[in-house]
Amino acid sequence: MDTRHQPAFTAAEYQRRLGALRERLQTRAIDTFLVFAPENICYLAGYETIGYASFATLVVRRAEDPVLLIREMERTVAETTTWISSFATFSDTEDPVEETGALLRGRGWLDGSVALEQNGWFVSAATMDRLRGLVEDVSDGSGLVERGRRVKSAEEIELMRRACHITEAGMDAACRAIRPGATENDVAAAAYSAMMARGSDFMAGDPIVTSGWRSGVAHCTFANRALEAGDTILLELSGCRRRYFGPLMRGGAIPPVRPEASGQVDAACRGVLEDAGYEPYFRKRTGYSVGLAFGPDWGEGHIVSLRRDDPTPLEPGMVFHMPPALRIPREYGLGFSETVLVTETGCEVLTRFPRRLYVAGGPG
């Protein structure tokens, strides 16, 4: 019986990632680096767990094998999902900061330069202050792993293609569920069921379904509202394969379709929207990096975002979710997005779903 997950990537891919990180540590003269962000630990070690909010750190040295320090309950899932062979654990009655210090002292790793990843979502400011207190020569290593995550490898892009196919199945089911009397929850359930049936892993966020006046309110989602004649419906969702995502946004409507709900909106981005007088309703970035994620967000916008006057150069292998959306607050909203790969010659749209306004009762 096989008691280990098939790794998401080849051994060569994991070693490439670790080797590139070690080169950056060498450049910064860092001897020991503590990684805390769940996405970064997964990127380097393959660690896939629903317990990602618990304290965990991957200790990376320039020449020695990494050590993963985790909650004792996580030991089995770590052994099952990672290529790592060296683990340390703490029980629920032990202090993880003290156990981190004991691990480093026991191996003589407090000598020399130590860097801490200080931007991890699940390490509080108070905990980070205590971690910094363990070391005399400490620096901030935030961004060192993300520098490697910016450009996706061929293996990562293949997983993202598969995630996009899962998303497309969910979007198709969601569109087909739009009808008068159905609830936002009905539409979300159709999307979720279709993505699970197509092979999605656990997601970083639920499907976003808003209708009528609620479609004009950003960052809310399904809330049992019944769909009515004249509604616009905003749909945004993403399936997952081995923690990699491929988001997609589409707009729907129930007749009679309001005149503002034009199929041209999907091609509109900042310039066109501003020319049309909608600039006050599009004061956001045009896109953000996507790839590896745990909840609560499928995005990598902290790594790269497409923002006004941002000087970051695009590189082949970067992948972005580009979600231009028009929301008139508490009136209506529509959006059409794609997941897009930057290539040597331009770009490739990874999501392949009809780019049109879905009108209930219209052609499928």
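Summary of computed values
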| item | result |
| --- | --- |
| Accessible area of the stretch 92-221 divided out per residue, in Å², using a probe of 1.4 angstrom | 44 |
| Taking all pairs of distinct alpha-carbon atoms in the chain, Kirkwood radius in angstrom | 22.0 |
| Residue 22 accessible area, assembled protein chains, probe 1.4 Å, Å² | 50 |
| Relative compactness, the stretch 40-165, computed as alpha-carbon Rg over 2.2 N^0.38 Å | 1.12 |
| Percent carbon-and-sulfur accessible area, the chain, ignoring ligands, DNA and RNA, probe 1.4 Å | 51 |
| Longest site-free stretch - the chain; sites: GluC sites (Glu not before Pro), DSSP loop, at most 15 other Cβ within 10 Å | 137-227 |
| Accessible solvent surface per residue of the stretch 10-73, calculated while the other protein chains remain in place, 1.4 angstrom probe, Å² | 37 |
| MRE, 222 nm, helices only [DSSP H, n ≥ 4, -39500 (n - 2.57), over the chain, to nearest 500] | -8000 deg cm²/dmol |
| Amide H partners (placed H, <5 Å) of residue 304, local residues excluded | 289 |
| Beta bridges per DSSP with both ends in the chain, % antiparallel, nearest 5 | 75 |
| Under Karplus coefficients 6.51, -1.76 and 1.60, residue-wise ³J(HN,Hα) of the stretch 346-359 in Hz, glycine/proline x | x, 7, 10, 7, 7, 7, 10, 10, x, 9, 8, 6, 7, 10 |
| Kirkwood Rh and Cα Rg combined as Rg over Rh, evaluated for the stretch 132-238 | 1.19 |
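The values are calculated or read from the model by the stated rules, or taken from the named source; none is laboratory data. Predicted model, so just to flag it, every value in this text is computed and none were measured. We place every Cβ from the backbone using ideal geometry, glycine too, and count neighbours over all the protein chains shown. The area values use the complete protein model at the heavy-atom level, side chains included, leaving out ligands, DNA and RNA. Shrake-Rupley method; radii C 1.70, N 1.55, O 1.52, S 1.80 Å.
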